[in-house]
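Let me begin by handing over the structure; questions about it come next.
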Amino acid sequence: MTAATNTATSEKLLATILSSLQDVKAEEIVQIDLRGKTEIGDYMVICSGRSTRQVASISEKLAQTVKDEFGFTAKMEGKETGDWVLIDTGDVIVHVFRPEVREFYQLEKMWQPMDGPESAAN
């Protein structure tokens, strides 16, 4: 954890990210609480953009918002292709997908609780 993320609680970071995604018209925004499940971060946010251009634009604007609000640069991968962009802010990991790519990878299912309704039926 960097000094910048120490000053910004993961909850403040999450709230800013969710607000930014809503402002730029990201679709199907899902937040997943990772606390106690993994060391990669406290939260994961998954959302969609309608096109490669919108996915790249959502990602750029989100990274700029994090820099403006919290004073650090988020790591970003995948912006060049615009199919799936990962933005790592330290405590919050954000995935921005084109809908077809999101459906293919189904990250939300990977992080569902094992004691949820689907596992109880098996």
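Read-outs: derived from the displayed coordinates by stated rules, not from any lab. Bear in mind the structure is a predicted one, so any value in this text is a computation, not a measurement. Note: ideal-geometry Cβ built from the backbone for every residue, glycine included; neighbour counts use all protein chains shown.
Which of rounded, prolate or oblate describes the range 38-83 when judged by the alpha-carbon gyration tensor and an a/c cut-off of 1.5?
Oblate.
Testing the spin-label approximation: label points 7 Å from Cα along Cα→Cβ at Lys67 and Lys109. State their distance in nm.
3.7
A follow-up question, please. Which one, Gly41, Phe104, Gly71, projects farthest toward the positive side of the charge dipole computed for the chain from Cβ point charges (K/R +1, D/E -1)?
The listed residue farthest towards the positive side: Gly71.
In addition: With a/c under 1.5 counting as rounded, go ahead and sort the range 3-109 into rounded, prolate or oblate using the C-alpha gyration tensor (a ≥ b ≥ c being the square roots of the eigenvalues; past the cut-off, prolate if a/b is larger than b/c, else oblate).
Here the range 3-109 falls in the oblate category.
Another one. With a sphere of radius 11 Å drawn around the Cβ of Leu13, what net charge do the other residues whose Cβ falls strictly inside it have (Lys, Arg +1; Asp, Glu -1)?
-3
I'd like the Karplus ³J(HN,Hα) series for the range 92-104: coefficients 6.51, -1.76, 1.60, θ = phi - 60°, whole numbers in Hz, and an x wherever there's a Gly or Pro.
So the Karplus estimates, Gly and Pro as x, are 10, 9, 10, 10, 10, 10, 6, x, 5, 6, 4, 5, 5 Hz.
Taking Cα pairs under 8 Å and at least six residues apart, what relative contact order does the chain come out at, in percent?
25
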